[in-house]
Amino acid sequence: MATINANPLSEFSSATVDAAARLTQISMDSAERAITVQLEYAKGALSQATLNARALAGAKDVQELLALRTRIAENTLENLMGYSRSLYEVASEAQTELSRLAEERLGTFQKAVTESVDQAAKSAPAGGDLAAAAIKSSLAATTAAFDTFAKAAKHVASFTDAGVRGAATNGKARK
């Protein structure tokens, strides 16, 4: 005999707890990666500052001092661009994971509501099927709107990613 779930929304509630745990894990992992990037940049900046100070202290004339200043500025800008790219990658990966989670949750919610409406329509008095159809139609419109929004967000993210990668390529080409 087939087992029928008396309340599809209870499965949805259980899945919500799992989704909250995944959301927390994504957030913590992203924060950890961002902190790691920041610490690596800080260590590198401190090391570079020490090397720069030694080089400036050892300058023999104004010409060498000006050349060192230019080289230090270029290195600093390059390091800052690398730091920015690394933080962008962390944010981009987190955004991708969060989008995937949101899409999964919407699908789970849609399924639970559809099952609940179907069960309610089976036991509803005459005319209940019209209300069920209205709810399903509303749910389909909401899903379509979310899909449109998700596609637009992915499109913007791909343009942003292309821009960041293009800036990185242009920065390397200038050398």
Please name whichever of VAL113, MET81, SER138 sits farthest to the positive end of the charge dipole of segment 32-173, dipole taken about the Cα centre and charges placed at Cβ: Lys and Arg +1, Asp and Glu -1.
MET81
Could you line up SER84, SER14 from fewest to most neighbouring Cβ atoms inside 10 Å?
SER14, SER84
Burial ordering of ARG71, ARG105, fewest other beta-carbon atoms within 10 Å first:
ARG71, ARG105
Rounded to the nearest 0.05, FRET efficiency between LYS154 and ALA133 (Cβ-Cβ, R0 41 Å) equals 0.85
Kindly put THR142, THR108 in sequence by how many other C-beta atoms sit within 10 Å of each C-beta, fewest to most.
THR142, THR108
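Tell me, Kirkwood radius of segment 32-173 from alpha-carbon pair distances, in Å?
When all Cα pairs of segment 32-173 are included, the Kirkwood radius is 20.3 Å.
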How high is the FRET efficiency between ALA145 and THR76 when r is their beta carbon distance and R₀ equals 41 Å, given to the nearest 0.05?
0.35
With θ set to phi - 60° and the Karplus curve 6.51 cos²θ - 1.76 cosθ + 1.60, what are the ³J(HN,Hα) couplings of segment 16-32 in order, to the nearest whole Hz, using x for Gly and Pro?
5, 4, 4, 5, 5, 5, 5, 4, 4, 5, 4, 5, 5, 4, 5, 5, 4
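Just so you know, all these numbers are worked out from the coordinates, no wet-lab data involved. Bear in mind that the values here come from a model prediction, so they are computed numbers and not experimental data. Cβ coordinates were reconstructed from backbone atoms using ideal geometry, including for glycine residues, and neighbour counts include every protein chain displayed.
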